[in-house]
Amino acid sequence: MDEIMTVVKASKYCNVSPKTIINWVEAGNIKAYKTVGGHRRINKIDLEAFMRKQGIPIPDQEQTDERKRILVVDDDPIITETIVLALEEDEHDYEVFSAADGFEAGLQVNHFKPHIVILDIMMPDIKGYEVCKKIKSNPDTKNTKIIVLSAYLDEEKFKEMKENGADACFSKPLPLPQLREEVARFLKLS
């Protein structure tokens, strides 16, 4: 299967800045496509063809460290997109997925086995504490860190979420720099 790269990963592979990759894509030098969320993705084969043409050395071996996977679950598309963008643009080159409801979140968790789930606990179709319990009771995802976000988080809800497996609880809106710090801390990257 062809490897698909984010702009950040492609920039590290070429040893140039992400902006340079974007400029090459916009100039039509590298074929790329956009995800539904508007993020550029580049096929590794297309990137390497461009690199050979330009005389840019191709690295001998891939970096073996696995990209950290993050799932953002919120029924507000604006909040979801804001968090996804902030994390995708982070220096650690996370693989970020999103889900708009509890059902989709369950599918994403089972399929991608995220390292972190950022979860809004007030969604119409499912309760946040149920999602926490399901994630923590599954042997494949029991080590997944769960960061809970809520605009309506009182001491009682905070306690309930912790008892059901949440690793951290924050009130919305959580400033994006603080969220990025928390994610890096949980993944032991800071």
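The values are calculated or read from the model by the stated rules, or taken from the named source; none is laboratory data. Computed from a predicted structure; not experimentally measured. Reconstructed Cβ throughout: ideal geometry from the backbone, glycine too, with neighbour counts over all protein chains shown.
State which residue pairs qualify: first residue in contact (Cβ under 8 Å) with a residue 12 or more places away in the chain and inside region 36-56, second residue among the small types (Gly, Ala, Ser) in any location, beta carbons under 7 Å apart, and separation of 6 or more residues or different chains.
Qualifying pairs under 7 Å: Arg40/Ala32; Arg41/Ala32; Ile42/Ala10; Ile42/Ala32; Leu47/Ala10.
Just to be sure before I move on: is Leu107 without any contact (Cβ under 8 Å) to a residue 12 or more places away in the chain and within 16 Å of the chain's Cα centre (by Cα) in the structure I sent?
Yes.
What are the residues in region 19-54 that are outside any helix (DSSP H, G or I) and either in the same structural domain as Glu81 (by TED's automatic domain parsing) or of a type in the set (Ser, Thr, Tyr) (or both), if any?
Tyr33, Thr35, listed by residue number.
Any residue at all in region 5-14 that is part of a helix (DSSP H, G or I), under 18 Å from Leu176 (Cβ atoms) and out of contact with any strand residue (DSSP E or B) (no Cβ under 9 Å at 6 or more places or on another chain)?
So far as region 5-14 goes, yes, one or more of its residues are part of a helix (DSSP H, G or I), under 18 Å from Leu176 (Cβ atoms) and out of contact with any strand residue (DSSP E or B) (no Cβ under 9 Å at 6 or more places or on another chain).
Here are some conditions: (1) modelled with pLDDT of 90 or more; (2) over 24 Å from Val117 (Cβ atoms). Asp60 meets all but one. Which one does it not meet?
Failing condition for Asp60: (1).
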